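Below is one structure; the comments refer to it alone.
The values are calculated or read from the model by the stated rules, or taken from the named source; none is laboratory data. Owing to the predicted nature of the structure, the values given are computational and were not obtained by experimental measurement. Here the Cβ positions follow ideal geometry from the backbone for every residue, glycine too, while neighbour counts run over all protein chains shown. Note: areas computed on protein heavy atoms with side chains; ligands, DNA, RNA excluded. Shrake-Rupley method; radii C 1.70, N 1.55, O 1.52, S 1.80 Å.
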Amino acid sequence: MPEYSDIYVISDKRDEKTVESFLNGFLPEREESADEYEVPQFSASPDIVYSKAEELVRYCSSNRSAEHALYWRAVNQRKPEHGMVFYLKDGHVIYGLSTDASDDAFAQKLLIKLKEHLGSELGYIGHEASPDAGDLKEFMRVMESHQSWQGS
């Protein structure tokens, strides 16, 4: 199993159309990584349980303070190999992609393309790490630490 470069870009675009455009543009052949989605996430006694990611996307688009993480995997040996959407409590969304870490040039291209797609300048490439941010300020701190680590 390869190691992964994780590409993350934060945006204030928190709507179904943007998520669908992200997925269709970067992970056109995909499958969901979960069978069900509980709200709140990881709750032993959830208020709601959805069976499809699109239902949760609709919920999080309407509830701007809802926090949740969704994951998809590419099928048919496609790259990038994984796509992620992290809804944050401050209304922002982190859009993520994971691809084989051995192809750094491809990861760099994905970062540029994802920033352009979302109209955001805030993003970075990590290594085998979730974005670990609950809001925009935390994301910016994580982004800065990755840029200083990479010598950017």
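How large, in percent, is the carbon and sulfur part of the accessible surface of the chain at a probe radius of 1.4 Å? Using a 1.4 Å probe with all protein chains present, the chain comes out at 47 percent carbon and sulfur.
Taking label points 7 Å from Cα along the Cα-to-Cβ direction, ASP132 and ASP12 give a separation of 2.8 nm.
Compute the accessible area per residue over the chain, keeping the other protein chains in place, probe 1.4 Å, unit Å².
55 Å²
For the chain, adding -39500 (n - 2.57) for each run of n ≥ 4 DSSP H residues and dividing by the number of residues yields -10500 deg cm²/dmol at 222 nm. Here's the picture: a label point sits 7 Å out from the Cα of ASN76 along the beta-carbon direction, and within the stretch 6-29 the residues with their amide nitrogen under 14 Å of it are 24-29.
Work out how much length ASP47 to ASP103 would gain on full extension: take 0.36 nm times their residue separation and subtract the Cα-Cα distance, in nm to one decimal.
Full extension of this stretch gives 16.0 nm more.
Computed across the stretch 1-53, the Kirkwood hydrodynamic radius from all distinct Cα-Cα pairs reaches 13.8 Å.
One way to sum up the overall shape of the stretch 51-152 is the equivalent ellipsoid from its Cα gyration tensor, whose semi-axes run 23, 19, 11 Å, largest first.
For the chain, a crude dipole built from +1 on the beta carbon of Lys and Arg and -1 on the beta carbon of Asp and Glu, taken about the Cα centre, is about 420 debye to the nearest 20.
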